[in-house]
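All of the numbers you see were taken from the coordinates with simple rules; none came from a lab. Small disclaimer: the values here were computed from a predicted structure and weren't measured. Positions of Cβ are generated from backbone atoms using ideal geometry, with glycine treated the same way; all protein chains shown enter the neighbour counts.
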Amino acid sequence: MDKLTWTDLRKTVAQRINTDEKEVATFLNALIPSITKALQEDRQVRITNFGTFKLQSIAPRKSVNVSTGETFTLPGYDKLTFAPESSIRELIGNLNTTDIKGEKTASAESKASPVDDNSVPLRKLSEQASEIVDILSDLGQNPKEPDQTATPDETEKPDSQPTGNPEATDSQPTVILPETEQQKTEIIMHEEQPKQKKCRTWLVVGITVLVFALILAATFLFLGNRFMAWVENLHNKSANIEQVEQVPDEPIIVGDVIDEDAQPQSTLPYPVEYKEFIAKERLPHGSRLAWLARKYYGERELWVFIYEANQNVIDHPSLIPVGTLIRIPKLPDALMDYSNPEVKELVDRLAIEYKQR
Amino acid sequence: MLTKDLITEIATQTGLTKKRTEELLNATTSIVVENLLKGNTVQLQNLGTLEVKEKNARVMVHPKTGERKMVPARKQLVLRPTATVKEMFNK
């Protein structure tokens with residue numbers, strides 16, 4: 001890692017284009033001041049096949065003195081940055097990273113793929129299952145293999161039997177198989193019986209429901225007229241009660257509605273007439289209305305009011321020429337309170353409206 | 001400001017021809033880049049030093065899907081401005 005100093009640069013450039021160092025020196029001595037000058041004017045200098053020198057504006061921000069707990073604002077400033085052209089950036093990005101780094105990335109990759117590690121035992125299990133099935137089918141080498149989709153109970157049982165006499169001769173499987181078949185049939189029988197029971201219970205339930213329905217219908221037919229009359233009576237009574245109850249309620253409800261309608265109007269003096277102004281500020285480079293809002297109101301979202309007050313100067317809230325004189329209006333306290341949900345709602349609505357212009 | 005403007009600016013300041021200044025500028029930039037690619041740091045007087053910085057590999061999280069990805073280690077070109085320049089642009 002060497003350092004190419006200013007003088008080194010001068011020498012190498014002179015060698016490259018076969019001139020004396022004086023000419024190069026005059027050029028280089030003019031280069032940096034002209035770049036800084038251009039930065040101050042335009043804030044960025046783009047040099048082809050090299051990159052862009054840029055001034056990045058850092059917004060002022062609030063901070064707290066750790067020892068005293070006082071809040072104070074750190075002033076904003078401009079930072080000089082250099083963004084190389086994409087081709088150069090790629091060239092540098094592809095520079096050989098050291099061997100240690102390669103190891104690092106390798107280990108990181110292995111760490112980053114824990115899913116594969118987890119999936120390995122899972123696969124093994126599935127493999128085992130298939131293996132077990134294979135073994136079972138091997139054991140049951142007989143033409144009667146319709147029940148290959150064996151239930152787990154079955155698979156376990158034959159499994160235990162061969163382990164009991166693992167060195168069984170060829171004759172023994174034939175002995176085992178009938179047993180397993182018997183078991184199967186027994187299991188099937190056991191399964192069928194509950195099914196039948198279930199069916200019966202369902203039938204019983206259905207029939208009872210039907211009977212009840214029929215009885216109900218019959219009662220309706222017979223007693224329908226009387227019943228209807230009774231119901232009507234009930235209705236009339238309840239309606240009377242309701243009417244009685246509603247009479248005192250009505251004015252209260254109406255009153256509530258009126259209050260709700262009136263509240264936003266009374267609390268939020270929204271259509272503000274911007275007459276008083278706290279401050280005037282020329283919009284600095286890289287600044288935005290939101291920053292001014294934060295500076296003067298303490299909340300970024302309140303920029304909409306600044307925009308409203310300056311609509312004669314600003315066309316679109318995000319397209320403001322640098323140096324525009326912006327007047328910061330004095331807001332009523334009710335609008336300054338951003339924690340108030342009504343204010344938030346209003347501000348959000350206005351923001352959407354103004355951004356769409 | 002673009003390269004053209006810079007060249008005219010320098011040419012008017014120094015009295016060199018535009019062609020010559022362009023050649024000089026191209027030579028300097030190419031030399032600077034070559035040195036950077038070798039891993040050298042380059043001092044630009046009164047402006048700062050250009051150096052290649054190593055960025056460690058890190059885990060990137062996709063903000064929408066929550067997907068995690070490794071961003072491999074890479075190198076980046078960084079300008080460290082000098083104190084005088086910092087002060088010059090300080091508001």
Quiz item: How large is log10 I(q)/I(0) at q = 0.23 Å⁻¹ when the Debye formula is applied to the Cα atoms of the stretch B:1-40, each weighted equally and without solvent?
Solution: -0.70
Quiz item: In a GNM of chain B with a 10 Å cut-off on Cα contacts, which of B:Thr29, B:Thr12, B:Thr41 has the highest mean-square fluctuation?
Solution: B:Thr12
Self-check item: Charge dipole (the stretch A:6-99, unit charges on Cβ, about Cα centre) - positive-most of A:Val66, A:Ala83, A:Gln56
Solution: A:Val66
Quiz item: Can you pull the mean other chain C-beta count within 10 Å for peptide B:57-65?
Solution: 1
Quiz item: Within the set A:Lys62/B:Lys53; A:Lys54/A:Lys295; A:Lys3/B:Lys38; B:Lys18/B:Lys86; A:Lys295/A:Lys330, which residue pairs have Cα atoms separated by over 21 Å?
Solution: A:Lys62/B:Lys53; A:Lys54/A:Lys295; B:Lys18/B:Lys86
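Could you list B:Met70, A:Met228 in order of exposure, starting from the residue whose Cβ has the fewest other Cβ atoms within 10 Å?
A:Met228, B:Met70
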Quiz item: With no solvent and one point on each alpha carbon, what is the Debye value of log10 I(q)/I(0) for the stretch A:6-99 at q = 0.13, 0.17, 0.19 Å⁻¹?
Solution: -0.73, -0.95, -1.03
Practice problem: Quantify how strongly other chains surround peptide B:31-39 by giving the mean number of their Cβ atoms within 10 Å of each of its Cβ atoms. | Solution: 6
Quiz item: In the Gaussian network model of chain B, springs joining C-alpha atoms below 10 Å, which of B:Pro81, B:Pro72, B:Pro63 carries the largest mean-square fluctuation?
Solution: B:Pro63
Exercise. Using a 10 angstrom cutoff on alpha carbons, build the Gaussian network for chain B and name the most mobile of B:Glu34, B:Glu67, B:Glu51.
Key: B:Glu67
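Using a simple charge model, +1 on the beta-carbon of Lys and Arg, -1 on the beta-carbon of Asp and Glu, nothing else, what dipole does the stretch B:1-40 show about its Cα centre, in debye to the nearest 20?
For this selection, approximately 80 debye.
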Quiz prompt | Neighbouring partner chain Cβ atoms per residue of A:70-79, average, 10 Å criterion | solution = 2
